[in-house]
There are 2 protein chains.
Amino acid sequence: MISQTGEYALRAVLYLALHQKGDPVSVETIADDLSMPRNYLSKTLHLLAKRGILTSARGPRGGFELAVPSDRLSLFEIVEPFDDLEGRGQCLLGRPECSDQTPCAAHHRWKDLAQRVSAFFHETTVDDLIAEMNGGAGPAAGNGSEPG
Amino acid sequence: MISQTGEYALRAVLYLALHQKGDPVSVETIADDLSMPRNYLSKTLHLLAKRGILTSARGPRGGFELAVPSDRLSLFEIVEPFDDLEGRGQCLLGRPECSDQTPCAAHHRWKDLAQRVSAFFHETTVDDLIAEMNGGAGPAAGNGSEPG
DNA sequence: TGTGTTTCTCATGAAAATATGATAAATACT
DNA sequence: AGTATTTATCATATTTTCATGAGAAACACA
């Protein structure tokens, strides 16, 4: 559904939301804890910083922090730099243009689902995922140590 | 959503369903009409033939035909050899195992959508797409010459 | 039997995604 | 100032996906 890189971004941002206690978190820490390639994650987070989703700081006590409150940060914003979730690439049969006016053979049946997927990413926030972890499946589910 | 190869498969099978009048259709014809790379499509269709979805015949008057009636041929069967639509790769956060018992942070919110997507591919048949073309958006929509 | 047509198969290539390693630049701390 | 730490950047490698090309195998037909 989303690329490896988009998945890294999602998991890393979720990690940041869960672990930042005022101080930035280093790429090393995140990469180690989430078993991701360190330098690759570095580039990925750097792009998110350029997009204004994270702040980055170099040097000792440096690292990454959320630049947006987690209840206002949608999954779409996190994944969008790495995956094309809407517009082009939306048509199941790969048409450059596919709309109600110029539908492909699958358009009318597929449209609703594609919109739901798009809506999911737009409407789900990082906070929603955290809330889900903290009891989404019942009051005593999980211990909060295994977010992704 | 699906790979380029899966998309080729989908469009080619739809083409076969629309154009076979008893005789096999050659890869050359399909590739030309749908603007696909000929040899690549050949390999793709060959795999569908091995899966029992198409029949292939060599030599003059050879080519490919549907081996399954189009009203019993689901999009899932066509795409599945090329794209992992369920099981692994289903978890939004990339977990090898992600279930109600061992949910990732997105599981409960994502599950329903993932199931709908899976159901779409399983339940939609090639015939459904053809029907869609022949008036799915209204009685006089389209002329049937632009399936995908 | 021969010829042309078509799939099948293999070898290779190109492009994109993913990943690694080395170095530069910035910063906090002593 | 000096040093260690950390991101930023560049170069490169690996893997996967997508694509091309040539020839072998099968087949229809004359």
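For the range B:88-110, the set of residues classified as of a type in the set (Gly, Ala, Ser) and at the interface with chain A (Cβ under 7 Å from one of its Cβ atoms) consists of B:94, B:105, B:106, listed by residue number. Does at least one position in the range A:55-63 carry a residue that is without any contact (Cβ under 8 Å) to a residue 24 or more places away in the chain, more than 12 Å from DNA strand C (Cβ to nearest atom) and out of contact with any Pro (no Cβ under 6 Å at 6 or more places or on another chain)? No, that holds for no residue.
Among the residues making up the range B:17-31, those that are in contact with a helix residue (DSSP H, G or I) (Cβ under 9 Å, 6 or more places away or on another chain) and away from DNA strand C (no atom under 11 Å from the Cβ) are B:17, B:18, B:19. So is residue A:59 exposed (fewer than 15 other Cβ atoms within 10 Å of the Cβ) and within 8 Å of DNA strand D (Cβ to nearest atom) or not? Yes. Any chance the range A:67-82 includes a residue that's within 16 Å of DNA strand D (Cβ to nearest atom), under 16 Å from residue A:2 (Cβ atoms) and either part of a loop (DSSP other than H, G, I, E, B) or basic (Lys, Arg) (or both)? Yes, the conditions are met somewhere in the range A:67-82. Counting only residues that are within 8 Å of DNA strand D (Cβ to nearest atom) and either part of a loop (DSSP other than H, G, I, E, B) or among the charged types (D, E, K, R) (or both), the range A:41-56 holds 2 of them. Scan the range B:58-87 for residues that are within 21 Å of the chain's Cα centre (by Cα) and either under 27 Å from residue B:21 (Cα atoms) or facing chain A (nearest Cβ under 8 Å) (or both) and the total you get is 19.
Mind telling me which of the residues B:9, B:49, B:31 ends up being in contact with a strand residue (DSSP E or B) (Cβ under 8 Å, 6 or more places away or on another chain) and among the hydrophobic types (A, V, I, L, M, F, W, C)? Going through B:9, B:49, B:31 in turn, just one is in contact with a strand residue (DSSP E or B) (Cβ under 8 Å, 6 or more places away or on another chain) and among the hydrophobic types (A, V, I, L, M, F, W, C): B:49.
Filtered by the rule that a residue be without any contact (Cβ under 8 Å) to a residue 12 or more places away in the chain, outside any helix (DSSP H, G or I) and within 14 Å of chain A (Cβ to nearest Cβ), the range B:2-40 gives B:35, B:37. Report whether or not residue B:94 is modelled with pLDDT under 95 and either among the β-branched types (Val, Ile, Thr) or in contact with a Pro (Cβ under 9 Å, 6 or more places away or on another chain) (or both). Against the criterion (modelled with pLDDT under 95 and either among the β-branched types (Val, Ile, Thr) or in contact with a Pro (Cβ under 9 Å, 6 or more places away or on another chain) (or both)), residue B:94 does not qualify. Among the residues of the range A:41-52, those that are free of Cβ contacts under 8 Å to residues at least 12 places away in the same chain and more than 8 Å from DNA strand C (Cβ to nearest atom) comprise A:46, A:50. For the range B:83-123, a residue qualifies if it is over 21 Å from residue A:126 (Cα atoms), in a helix (DSSP H, G or I) and either touching a residue at least 24 places away in the same chain (Cβ under 8 Å) or touching a helix residue (DSSP H, G or I) at 6+ places or on another chain (Cβ under 7 Å) (or both), and the qualifying residues are B:116, B:117, B:118, B:120, B:121, B:122, B:123.
The values are calculated or read from the model by the stated rules, or taken from the named source; none is laboratory data. Bear in mind the structure is a predicted one, so any value in this text is a computation, not a measurement. Note that each Cβ is placed from the backbone with ideal geometry, even for glycine, and that neighbours are counted across all protein chains shown.
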